[in-house]
Each structure stands twice: as structure tokens, then as C-alpha cells.
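Visitor: Handing you a structure now.
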Amino acid sequence: MNLKNIIVKIALLASQKPIITIAMVVLFAAFCSVGLSQLSVNVSNDKMFKEDDPTLVAYKRFQKQFGRDDIVIVAINSDDVFSANFMRQLRTFHEEVEQSVPWLDDVTSLANVDWMIAKGDLLQVGELGDEWPTKGEVSAEIKADVLNNPLYQNILISEDGKTTLLVLRALAFESAKDIAIAKNRMANNGVLKKEDVGFGEKIIQLHDEFNAYLAGEEYKPPEKKETLATEAFFEIDDNIAKPVESTNKVDTSKGLNTAQLNQFLQAINHLVDKHQSDNFAIRLTGGPVIDKAHSDAIHADVLVLVALALLVIMIALFILLRSWLAVFAPLLIIVISVSSTLGVMGFLDMPISVVSQALPPLLLTVGVLDSVHLLGIFYLLKGKGNALEVSLKETFERAGVAIFYTSLTTAAGFISFTIARLKPISDFGWIAAFGVMLVMLFSFLLIPAFLSLFDKAQKNKQHVKRWETFARLITPLAIFAVKKHYAVLGGVLLVIIMGVPGILQLNYSHNVITWFGEDAQIKKDTLSIDAEMKATVPLEVVVDTGVENGILTPDFMARLQKFQKYAESLNFKNVGVGRVNSLVNPLERIHSQLDSNAKANVIPDTEALIQQEILLYEGGGAKEIERLTDRAYSMARITIRLTWEDAREYVELKEQLLKKAQNLFGNTTKIIVTGTVDLVSTGVIDIIKSMKNSYLLATILIGLMLIVLLKRVAFGLACLAPNLLPIYIVLSLMGYMGIPIDMFTVLLGGIALGLAVDDTVHLTHSIFNETHQKQASLMHAVKEGVAKVAPAIVVTTAVISIGFSLFAFSSIAPLSVFGLLLCLVMILALVCDVLVIPALFRLFQGVANASKK
Amino acid sequence: MRTLSYLYIFCALFVVTPSVAENSANQFMKVVDNRDRGKTSEIISAVVLIDKGNKRTKRTIHVLNKKYGKDEKNITFLTYPPRLKNTGFLAYDWANPNKANDAWIYLSNLRKVTRLATSNRADYFLGTDFTYGDMERLEVEDYEYQYAEKKLSKEGFTVLDATPKSKNIINKYGYKKIRYWVDDKKKMTIKAKFWLKDAGWIKYFKVSDIKNYSGVWVGGKEQMVLTKEDKKVHSTVLLINKVTINKPLDDTLFTTHGLESGR
């Protein structure tokens, strides 16, 4: 039994047992949809990578040692930062942040940052906030010291002294205790209601209440006891003499998810609103804040786009097929396919990411194709007066195999993304391919079942006429291509040549701040804080000597100083480099305060003195020390503060800094450049790589399928041309117009190839049938073949193009550009298919005839 | 205010007197604070710093202490690693609460003695998890003591809670609450738990291998573990190598000149 017969048999069986078929499909979909309860949204930068990715492994190691690098910056503007009143307000704000913000690791401000000053023969060590008097203003001497001190200038206070920052860091990893604390804080600050306990806890509570009732006692909630874990902290470490074995295991610590970071930010926003005033004007920025802003935009967009797509598809289907069944059957198929696919994502712990948020509207649009082909042909046959079973059988005979292959080729287009290193792109590849195959399966089962139960269509000449009108629009183009095949193919060559300069101008970009409009608060705040302090994005460089006290030498410290000066003086394209700091800064401060003869920015000249002066730095305790180094003083952390820019600019900057660090610190040290900037810029490089590889893989997979379908190697490969050409034209146009490849447009080629090949398969399959099975002449075969599939391919192109054009309404600028470009590529694909495929048939017939002679 | 008394890092952070029959927890802790510790003491110990990745760093120190009536003078020299050798701290702990402590640091390579402000006792000593405040004798007058709900622990220790009397005291020592477990028979505090003023930060102290030297109980091994939200951040283990009680010590040792001369 061949493929065509299997598909026809399945369809007929579904039409004979419609209730059982529908029940089975609904049950299966319901089972898959249970996973929706576990579906999460995660758009954080570290979620871009797979767990064992070296970039993520390096970043996690950094986080384990030093904590989180992507900070939340709370900028406060005031005319009297150095007044007692301001410090009181700042302390209150600071303390409320510490007490009520869930998932908080630490907060630094002028109130609690370390401070050291020599007053005569007395060395005073403490917190800077203690220098503020209870009345009046800070002394002019201290004010000048704070404003010019590299430990604070452009890190906690602007050069003009009118903007000060609270730097908040969320926890890098979660633990059971953190979850309990966060829950408690959220209950207290109103982010979560107190009675909002987990389901599991409710069950335990109900069980205890019931037991208390049976025993005739009053229920008392259990008291919190000293846990075994905390008791263990009293146990004396008896193994201190034993050497410690190092492990190279992949770190599986769970970082905070988007929901937890959102709770963190929600609590901060709550406090910002509470403390906001004219002379305490607060602005917010930083990686987590920007992540949340576009996560919110994504939520809003998905809802709007799905609703719009549904509406447009309903209208388009009714106009084209004039049947309520033809409207609701495809919609039901699409809805249960989307719900099942998202449910499977939930089961697989695959969060909705920046990329996969396009999945629901995409599946809606792609899913309608199968239904339009099947219902279009069915109503045409019914309109001609055929019986239900005959019409169904012929519909599946004519379109079944083609739909099977088009689904496979579309899935192949998506599968090409799975080789991408970036997790959101590879996840999207798998899940979209799964969704497409699910739509095909549901269409093969549900459409015959629904038609068998509800179809009341009669002989309908108008439908036949309308359907044939579409054929009349397309057929002349195909006939022209057969007649003037050299002109058409020459035109293709010309377009390719003209496109080369555009392709060469193509650029790459990833800059989420440009996703927002000029009026967006997050954009205004980020850009204004950057203009004042250049402090939004931290790039972290870790220099690891691998030797205990390896960094506590005059030579190493001098190199650190040199590297910092080099980084601070960099004038790199649009990226502004702000303050760079490391352990060398507190050391300079200590030295200048201990040695009255020492000038500022001078470090001790002997190894012994450095180690002795560091003893004073250790007064801040483990918490302070481990911000800048490890306890063995074998590694130094250098934080380079940058302005928010396009990730592609960070790529070159990062390379330049790495090269300089390698030159300065030599081959014996290990240099690691990491942090959010590294994650994002590595992502951009990978976008470039994954695009080339994805296009190549999609071309190979689709080429192979065309060879199998058409049973000709050279012709199968030639038929790739009308599919690749539209993508080439659009990419070239993007180059000419300065539209970059970004996280959305990178998907253009793969999706377009998968969808455009649908038209190719239907068209070549139909013409091929005419020439080989009916032995018709090429001109007749093209005329008949095109006429049979033209209505369906015109309708599907129209529906898809309208569907993708809806993306233009997205608040995310690159997503709307992506929608319009994809719309354009689909129209171009139809034109290319109708012109190039007949021309290729003619060319290959000529070659065949010539070889026969 | 009393000056630093480094002796008690090594011999006993918290000590008790023979009598535990007082009714009031405050009285009980006063008696604890005033117990006899010998006129002088000399202790050599290793300090092992352990980070969250279990990496260890070792230092050794030499501590001398001498009582002058109710006042105390204390000098600590670092003896290992070699680059820190002869770096030292000198502290005077005045019994008069109205007289500020005095403290000096000497960096041998700078060849200079620097006076340190002593108002903040929450700073950490030598990168250990012990603060300057931890190493002083108990500042009984700064805290209100209460016996815990369960006065006796399962090990038989007396359990007391100390609450700072004011916000200034919280800022001065860095603790918002302390719980002590006192061994009545050995007359020493065996365990203590410190709630730091920063939310979620707790320190756990324990002493073991206690021995009696000329009538003074000294812990052979002491540990302080710094935790945040029940996760270990860092710990310090002190290993006592040599203890000498009531050895004659020259007064000139406990001066800034003595600090410069080294040991």
C-alpha cells in the first residue's frame, strides 16, 4: 500500500467513525494540554544557552564566586544629596529595600558602602553614610573626597553630585529557604496575599486540622523549629587538614526564573512609587528591569496577535469558502494544535522565550494551510455535484500526499533551527516542527469526521466559478513562463546579480532597548542614566593566577591599574565606557590613608606591604572581600561599566579587552570575560552562525524531499531555486534598507523556506501528475496542473500574508518588521513558484529531449 | 567600654563563673564576664579561613594579654605567612564604660603605627568571621539578657538570649540578637548564635577540645560559621597550639613601642 492509499484510508475511516475519531483527538489534545499548567515564560539572558554551554558554564561559575552581575540600578536625583535630610530618606529607602524585596542578594548605596579616612593620626573605618551629620550638610572636605573618589564616582554618585545610585542585586540561585523568605516578604509587602499558600501546604494544613478535630483539640499551626540544616552549622569542621578535591561537574544550580525576577522588580517598583518625590526623583534601569519590560511587551503582544490572527483567519475563510463549517473546523484544529503544542512545551520544561512567543500566531497561520487545501478541493468537488464520500476520497487522493510532504518540508524548515547554539532558537525549531505535524494529523482526522457529521453543501456553481477565478489569475503567468523560459531564468539571474551588493551590506543587531518607542519610560531612564554615569551594563573580567596570594604583588596590581586605565580610556564606537574597578581601588585608598606621603592612585611597592594593607580591607568581612576576589587572593574581578548599546558592538569591544588582558597578564594567568554582556554578545555571534547553518540544513532537507517527491535529482534540486530566491531578494532588500538580522529576522529564511516550499510541492506535484500520469504535453500539463492548485495556493498565500502582516501591530519593532518581511517573502514565493517552476519544467524537458536525440 | 581582649578569641569567647545560682539572667552574665582568667596569658594559634568553595587559608598568631586591675591590655602579632610577620595589633580595654577603647595597628613594611578608631566593633578581625566585638569580653551593660523559653538545652547547657538595649548598640556590634549556650559544669559558653543586623545573615559559634590550664578553661578548637539564608558563606577555625597562663610579661610589651619591636 502506497502513501496516497494510506492517507485516503485514514480519511475515509475517520469519516465513517466520526464520533470515535473526534473523541480520540480531543482526549489526546486534552492530555497534551495538561502541560499548559507547567508552562512558564523566561526571557532572561542566561536562558538563551543550553546548560552545558561553555559560555553559560563560565557565567554560572562567575555567579557562584561573585554573585549576580546584572544589577538593578535605582538612580535618585536630588539637589541636596549631601544633606542630613537626604541621608535619612536614603537610609529609610535602603532599609525598606533590604527588608521587603524578595530574592534580594544585596543592596549598596552611599548609606552602607565601605569608607576609610585618616583624620590626623587616627584611621577611621566604617560606612560612608556615617559621615553624614544628623543636621545640616556633610563637610566640604568629605564631599570633595566622595565626589572624586574612584570607589564611588560614577559607581554610586555622579560627578556633579546630583545623582546617586542604589545598586540592587538579585540572588544568582534559588534555594528552599530563599523561596520561603521570598514568600514571606511578598506576603508582607502585598505582592502576594498571605492566604495564598501553596496547594501542597493547604493539603497538609487541612489534614492537620482534621486530625485536631478528631482528637477534639484546637488546631495550632506547627511552630518553626531549628532545622537540621542550621544545626549542622554548629558542627566543628574536623577535616581542615585534609586536602580539598576539586570537581569538574556541570553546575545544575537553578537560577532565578523570570517570574521570580518579576516579583523582585515588582517589590522594587512598589518602594519606588512610595518614595518618589520632587527632591527624591527615582529612575530605574539595569538588565533585569529591561528584561521585564520586554517580557511584559511579549505577553501583551502574544494576546493581541493571536486574537487578531484568529479574527482575520475566520473572516478570510468565510469569504473564500462561504461555509461556517469551513470556518470553525480549521479553527478548532488550530486551537487544539496550539494548546497541545504549548502543553508539550510545559511538559518538556521549555519556557516561552523571546523567539517561541511567535509560536501561537505562527501555528495558527501555518495550520490553516492544510485545511484550506482540503476544504477548497472538497467544496469544489461537492460544488460540481459529487457525493460526500466520492468528494472526500478524491480530495485526499489529490491533496493528501502533497499535504504530507508540505508538512514534512515545513517541519524540516523548523528543524533546521535545532542546530542553533542558542536555546530559544533550537527549542523553537523542535516545537514548531512538532506543532506542524500535529496540525497535519488533526486535519487528516478531524476534517473528514466533521464533514461526515455536519456537511450540508450542495451543488454550488458559484463556488466553482469563484475557485476558477483564482486559476485564471495565475495560469497566464505560468503559460508565459513556459513560452519564455529563457527570459524568466535570465531574469532570475539578473535579480541574483543585482542582489549581491545588498547581501554584502547585511548587518546584525540585538538591542532590546530599540524595541521600545521613544516615549517608553524604560528607554528614557536607561539612556539618561547612561548619559550621566555610563553604568547600565557591567562587563566582568576575571584574571585567575591559580596561585594563593597570586594577585597580591606590586607587579600584578600595576598591571591591574594599567588595564583599568586602558579600559576607561577606550573610545569604542557608540559604547561609552564608564568606571572600571577592582581590588586595586580599595588598596589605593588604604595606602593613601595609611601613608601620608603617598599620592592618590599609588599602590604599595612591596608584596609584603600589599598583604599587610589588605588586612585592613578584610575588616569588611567575607561579604566584602568576596565581591572583588576569592579568599585565597588568587583571582581578581574587574568590573567594566558600559552604556547600553547594540550587542554587536560589545562583540568587538569584548575581543579587544580580552586581547589586552592577555597581553598584560601573560599566558600563565587564565582570563575569563563573562557577564550579561558576554552572554548577549555571544548570542549575537551565534545568531550569525546559526542563520548560515540553518539555511544550509533547511536547503539540504527540503532538497532531499523534493528529490524523493519528484523522483529526479537535478530537477528536484533546481526546484529549490524558486524557494531560495524570495529569501535572497528579501535579505538583499534588508541590506539595501539597513534592516539588520536580529533575533526575529534570523527566523525569516527557515520559516519562509518551509512555507514557500508548500507552493512548490503542490505545483510540481500537480504538473508532474499531468505530464507523467496523463501523458499530456508540457503546455497542457502546466495549464491543467496550475489551474488545479492555483486557487489553493493563492488562498493560502493570501491567508498567510495577511496573518504575518498582523505582526506589524506588535509593540516590538523588530517583530513588526519581521511580519511585514515574511508577508513580502510569501508573495514573492508565489510569484517565483508560478514563473520559475514552469520555466524549469520547460528547461528540463529540453534537456531530456536533447539527451534522447 | 573596654578594649579588645584578643585572648578570648582563643581561650573562650564567652566564659562563666562558678556560680550559676543567680536569679537574674543579667546577673548571671555579669558573673560570667567577671570570672578569673589569670593575670597574664600567652597563646599561639593557627587561624584557618575556609571559603564557600571549601578553599582554606592558614595564618598563625601570637597573642599576649595582661590584666591591670579591671583593665586589660592585649597585643597580637601575626607570625605566618612570612609577609605578614611582625604585623600587629595593640588594644587597651578600659573597664570604665565612659572611656573609649584604644587600638593601634602596626604594619612592619610601612614601619608605622596607626591609631584605629574603635567606635565600630562590627568590623571583622584579620579577615576571620570574628568581629572585634566578638573578641572583647562581654559588654554586659549593652544587652538585656533573658533565659530562653527552654532554659536547659538537651545537652544540659543553660540557654540565654541577649537583646541589644538600643539601635546604637545594634550598629556598634552588628547584631540584633544573640543566643548563648553555657556549660555550667565546664563554666564556659559552648555555643552561640548571632543574628546580624543585615536580614538573613546568621553566625554560628562553637568551641570544643576544652582543657584546663592553671585553673582557666581554654577551648582547643573554636569555630565561627557565617551564613546567609542558611547557606554557608565563610567559616573560621582557630586551633590553639600553645597556652601559657600567669607567665610574667613586661609592661613595655603592651605599648606602641612594643608593637613596633615585634615578637
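Visitor: Any idea of the accessible area per residue across segment A:114-178, 1.4 Å probe, to the nearest Å²?
Guide: Values: 2710 Å² over 65 residues.
That works out to 42 Å² for each residue.
Visitor: If r is the Cβ-Cβ distance from A:Asn667 to B:Lys55 and R0 is 22 Å, what FRET efficiency results, to the nearest 0.05?
Guide: It comes to 0.40.
Visitor: Can you give the helix-only mean residue ellipticity at 222 nm for chain A, where every DSSP H stretch with n ≥ 4 adds -39500 (n - 2.57) and the sum goes over all residues, rounded to the nearest 500 deg cm²/dmol? Mind showing how you got there, number by number?
Guide: Details: 28 runs with 533 residues, N = 853.
Per the formula, -21500 deg cm²/dmol.
Visitor: So how do B:180-192, A:266-278 stack up, highest first, on mean other-Cβ count within 10 Å? Before the final figure, lay out each step's value.
Guide: Values: B:180-192: 20.1, A:266-278: 15.7.
Per-residue mean Cβ counts within 10 Å order the peptides as B:180-192, A:266-278.
Visitor: Still on this structure: I'd like the mean, over residues of B:192-203, of how many other protein chain beta carbons sit within 10 Å of each residue's own Cβ. Working shown, then result.
Guide: On the way: counts 1, 4, 0, 0, 2, 2, 5, 7, 7, 2, 2, 1.
Per residue, the average neighbour count from other chains is 3.
Visitor: What ranking of B:Ile43, A:Ile827, B:Ile170 comes out by heavy-atom accessible area, probe 1.4 Å, highest first? Write out the running numbers ahead of the final one.
Guide: On the way: B:Ile43 0, A:Ile827 80, B:Ile170 45 Å².
If we order B:Ile43, A:Ile827, B:Ile170 from most to least accessible, we get A:Ile827, B:Ile170, B:Ile43.
Visitor: Can you return the aspartates and glutamates within cross-link range of B:Lys154? Criterion is Cα-Cα under 15 Å, with same-chain partners fewer than 8 residues away left out.
Guide: Output for B:Lys154: A:Glu226, A:Glu231, B:Asp183, B:Asp184.
Visitor: Could you name the aspartates and glutamates whose alpha carbon sits less than 12 Å from that of B:Lys165, not counting residues in the same chain fewer than 8 places away?
Guide: Filter leaves B:Glu139, B:Glu141, B:Asp142, B:Glu144.
Visitor: While we're on this one: Using a 1.4 angstrom probe and counting only protein chains, how large is the accessible area of A:Asp79 in Å², to 10?
Guide: Surface accessible to solvent at A:Asp79 totals approximately 130 Å².
Visitor: While we're looking at this one, here's another question. Number of Lys-Lys pairs in segment A:1-151 under 22 Å by Cα, sequence gap 8 or more or different chains?
Guide: 9
Visitor: Determine ³J(HN,Hα), in whole Hz, for all residues of segment A:761-768 in sequence, where each value follows from phi through the Karplus function 6.51 cos²θ - 1.76 cosθ + 1.60 and θ = phi - 60°; x replaces Gly and Pro.
Guide: 4, 4, 5, 5, 4, 5, 5, 4
Visitor: Right, here's the next one. Go ahead and run the numbers for FRET between A:Lys456 and A:Ala300, Cβ-Cβ distance against an R0 of 45 Å, rounding to 0.05.
Guide: Details: r = 41 Å, r/R0 = 0.91.
The computed FRET efficiency comes out at 0.65.
Visitor: Ranked from the most accessible area to the least, with a 1.4 Å probe and all protein chains present, what is the order of A:Arg68, A:Arg283, B:Arg115, A:Arg322?
Guide: Working: A:Arg68 15, A:Arg283 35, B:Arg115 80, A:Arg322 135 Å².
Listed by decreasing accessible area, they come as A:Arg322, B:Arg115, A:Arg283, A:Arg68.
Visitor: Okay, moving on. Using θ = phi - 60° and the Karplus relation 6.51 cos²θ - 1.76 cosθ + 1.60, list the HN-Hα couplings for segment A:515-527 in order, rounded to whole Hz, with x at every Gly or Pro.
Guide: Calculated HN-Hα couplings, in order: 5, 9, x, 4, 8, 5, 4, 4, 5, 4, 5, 4, 5 Hz.
Visitor: Calculate, in nm to one decimal, what A:Ile497 and A:Val602 gain on full extension: separation in residues at 0.36 nm each, minus their alpha carbon distance.
Guide: Details: separation 105, 0.36 × 105 = 37.80 nm, distance 6.17 nm.
Between A:Ile497 and A:Val602, full extension yields an extra 31.6 nm.
Visitor: Between beta-carbons, use under 9 Å as the cut-off and find the net charge around B:Ile190, counting Lys and Arg +1, Asp and Glu -1.
Guide: Numbers: positive: B:Lys186, B:Lys191, B:Lys206; negative: B:Glu155, B:Asp183.
That works out to +1.
Visitor: Evaluate the distance, in nm, between pseudo-label points positioned 7 Å from the Cα of A:Lys17 and of B:Asn98 along their respective Cα→Cβ axes.
Guide: Here the answer is 10.1 nm between the modelled labels.
Visitor: Which value in nm describes the separation of the simple spin-label points at B:Lys185 and B:Ala148, placed 7 Å from the Cα toward the beta carbon?
Guide: With each label placed 7 Å out from Cα toward Cβ, I get 1.9 nm.
Visitor: Specify the angular offset, from 0 to 90 degrees and rounded to the nearest 10, of the alpha carbon long axis of helix A:287-321 from the longest principal axis of the alpha carbons in chain A.
Guide: Approximately 10 degrees, to the nearest 10.
Visitor: Now a separate question. Taking each residue of B:222-231 in turn, how many C-beta atoms of other protein chains fall within 10 Å of its C-beta, and what is the average?
Guide: Values: counts 1, 7, 1, 7, 4, 4, 7, 9, 11, 7.
Mean shielding by partner chains, rounded to a whole number: 6.
Visitor: In addition: How many angstrom separate the Cα center of segment A:56-97 from the Cα center of segment A:113-174?
Guide: Cα centroid to Cα centroid, the span is 13 Å.
Visitor: Would you count, across segment B:28-90, every pair of lysines whose alpha carbons are under 16 angstrom apart, provided the pair is eight or more residues apart or spans two chains?
Guide: Lysine pairs meeting both conditions in segment B:28-90 amount to 6.
Visitor: Here is a further query. Round to the nearest 10 and give me the degree value, 0 to 90, for the angle of helix A:258-275's Cα axis relative to the longest principal axis of chain A.
Guide: 50 degrees
Visitor: Enumerate the residues in segment A:307-338 having an amide nitrogen under 11 Å from the point lying 7 Å beyond the Cα of A:Phe809 toward its Cβ.
Guide: In segment A:307-338, the label zone of A:Phe809 (backbone N under 11 Å from the point 7 Å along Cα→Cβ) covers A:307-313.
Visitor: Another question about this same structure. Hand me the tally of lysine pairs in segment A:500-644: alpha carbons under 19 angstrom apart, and the pair either on different chains or 8 or more positions apart.
Guide: Numbers: A:Lys523/A:Lys534; A:Lys524/A:Lys534; A:Lys534/A:Lys565; A:Lys534/A:Lys573; A:Lys562/A:Lys599; A:Lys565/A:Lys573; A:Lys565/A:Lys599.
Qualifying lysine pairs in segment A:500-644: 7.
Visitor: Right, something else. Using only Cα atoms and rounding to the nearest 10 degrees, what angle (0 to 90) does helix A:584-594 make with the longest principal axis of chain A?
Guide: Long axis of A:584-594 versus the principal axis of chain A: about 10 degrees.
Visitor: Taking B:Lys112 as the anchor, which aspartates and glutamates have their alpha carbon closer than 18 Å to its alpha carbon, excluding any fewer than eight residues away along the same chain?
Guide: A:Asp121, A:Glu588, A:Asp595, A:Asp605, A:Glu607, A:Glu613, B:Asp102, B:Glu260
Visitor: Would you please put A:413-422, A:470-479, A:98-107 in order of how densely packed they are, using the mean number of other Cβ atoms within 10 angstrom per residue and starting with the highest? Let's see the in-between values first.
Guide: On the way: A:413-422: 24.0, A:470-479: 17.1, A:98-107: 20.4.
Descending packing order for the listed peptides: A:413-422, A:98-107, A:470-479.
Visitor: Next up: Checking buried surface per residue: for segment A:618-635, which residues lose a minimum of 40 Å² accessible area in the protein assembly relative to the chain alone (1.4 Å probe)?
Guide: In segment A:618-635, residues shielded by partner chains: A:Glu618, A:Gly619, A:Ala622, A:Lys623, A:Glu626, A:Arg631.
Visitor: On to the next question. Can you work out the accessible area per residue across segment B:134-213, with the rest of the protein chains kept in place, probe 1.4 Å, in square angstrom? Walk me through the numbers before you get to the answer.
Guide: Details: 3580 Å² over 80 residues.
Roughly 45 Å² per residue, with all protein chains present.
Visitor: With every protein chain left in place, what is the accessible area per residue of segment A:597-676 in square angstrom, probe 1.4 Å?
Guide: Working: 2820 Å² over 80 residues.
Result: 35 Å² of accessible area for each residue.
Visitor: Counting each DSSP H run of 4 or more residues in chain B as -39500 (n - 2.57), what helix-only mean residue ellipticity at 222 nm follows after dividing by all residues, to the nearest 500 deg cm²/dmol? Numbers along the way, then the final one.
Guide: Numbers: 5 runs with 30 residues, N = 263.
Estimated from H runs of four or more residues: -2500 deg cm²/dmol.
Visitor: Efficiency by 1/(1 + (r/R0)^6): what FRET value for A:Leu311 and A:Glu397, r their Cβ-Cβ distance, R0 = 35 Å, to the nearest 0.05?
Guide: E between A:Leu311 and A:Glu397, to the nearest 0.05, is 0.55.
Visitor: Same structure again: Do any trypsin sites (Lys or Arg not before Pro) in segment A:116-181 lie in a loop, going by DSSP, with at most 12 other beta-carbon atoms within 10 Å of their beta carbon, and if so which? Could the numbers behind the result be given before it?
Guide: Working: sites: A:Lys119, A:Lys135, A:Lys143, A:Lys162, A:Arg169, A:Lys177; in loops: A:Lys135, A:Lys162.
Answer by residue number: A:Lys135.
Visitor: Moving on. For A:Ile10, what is the net charge nearby, where nearby means another residue's Cβ is under 13 Å from its Cβ and Lys, Arg count +1, Asp, Glu -1? Let's see the in-between values first.
Guide: Working: positive: A:Lys4, A:Lys9, A:Lys17, A:Lys393; negative: A:Glu397.
Net charge in that neighbourhood comes out at +3.
Visitor: Hey, any idea what % of chain B's accessible area is carbon plus sulfur with a 1.4 Å probe? Numbers along the way, then the final one.
Guide: Details: 4980 of 10230 Å².
Roughly 49 percent of what the probe reaches on chain B is carbon or sulfur.
Visitor: Run the simple label-point estimate for A:Ser569 and B:Ser214 please: 7 Å along Cα→C-beta, distance reported in nm.
Guide: Result: 6.2 nm between the two label points.
Visitor: Using a 1.4 Å probe on the protein heavy atoms only, what accessible surface does B:Glu155 show? Give it in Å² to the nearest 10.
Guide: 90 Å²
Visitor: Below 8 Å, C-alpha to C-alpha, sequence gap of six or more: please give me the relative contact order for chain B in percent. Spell out each step's value before the answer.
Guide: Values: 661 pairs, mean separation 61.7, N = 263.
Answer for chain B is 23 percent.
Visitor: In whole percent, how big is the carbon plus sulfur part of the accessible area of chain A, probe 1.4 Å, protein atoms only? Please report the intermediate quantities before stating the final value.
Guide: Working: 21290 of 35530 Å².
Carbon-and-sulfur percentage of accessible area, whole number: 60.
Visitor: Sticking with this structure for a sec: Residues of segment B:48-67 that become at least 10 Å² less accessible with every protein chain present than in their own chain isolated, using 1.4 Å: which are they?
Guide: Buried by 10 Å² or more upon assembly, which counts only protein chains, are B:Val48, B:Leu49, B:Ile50, B:Asp51, B:Lys52, B:Asn54, B:Lys55, B:Arg56, B:Thr57, B:Arg59.
Visitor: Would you tally the net charge around A:Ala698, using a Cβ to Cβ cut-off of less than 14 Å, leaving A:Ala698 out, and scoring K and R as +1, D and E as -1? Before the final figure, lay out each step's value.
Guide: Numbers: positive: A:Lys692; negative: A:Asp758.
Taking every other residue near A:Ala698 into account, the sum is 0.
Visitor: What does the buried accessible surface come to for B and A, summed over both chains, with the probe at 1.4 Å? Round to 100 Å². Please report the intermediate quantities before stating the final value.
Guide: Numbers: alone 12640 and 38040 Å², together 45750 Å².
Separately minus together, B and A give about 4900 Å² buried.
Visitor: Hey, another quick one. Just checking the output field for A:117-126: average partner chain Cβ neighbours within 10 Å of each residue's Cβ? Can you show the working numbers first?
Guide: Details: counts 1, 2, 2, 1, 5, 5, 7, 6, 5, 6.
Mean inter-chain Cβ contacts per residue within 10 Å come to 4.
The values are calculated or read from the model by the stated rules, or taken from the named source; none is laboratory data. Fair warning: this is a prediction, and the values are worked out from it, not measured in the lab. Neighbour counts are summed over all protein chains in view; Cβ atoms, including those assigned to glycine, are modelled from backbone coordinates with ideal geometry. Surface areas here come from the heavy atoms of the whole protein model, side chains and all, with no ligands, DNA or RNA. Shrake-Rupley method; radii C 1.70, N 1.55, O 1.52, S 1.80 Å.
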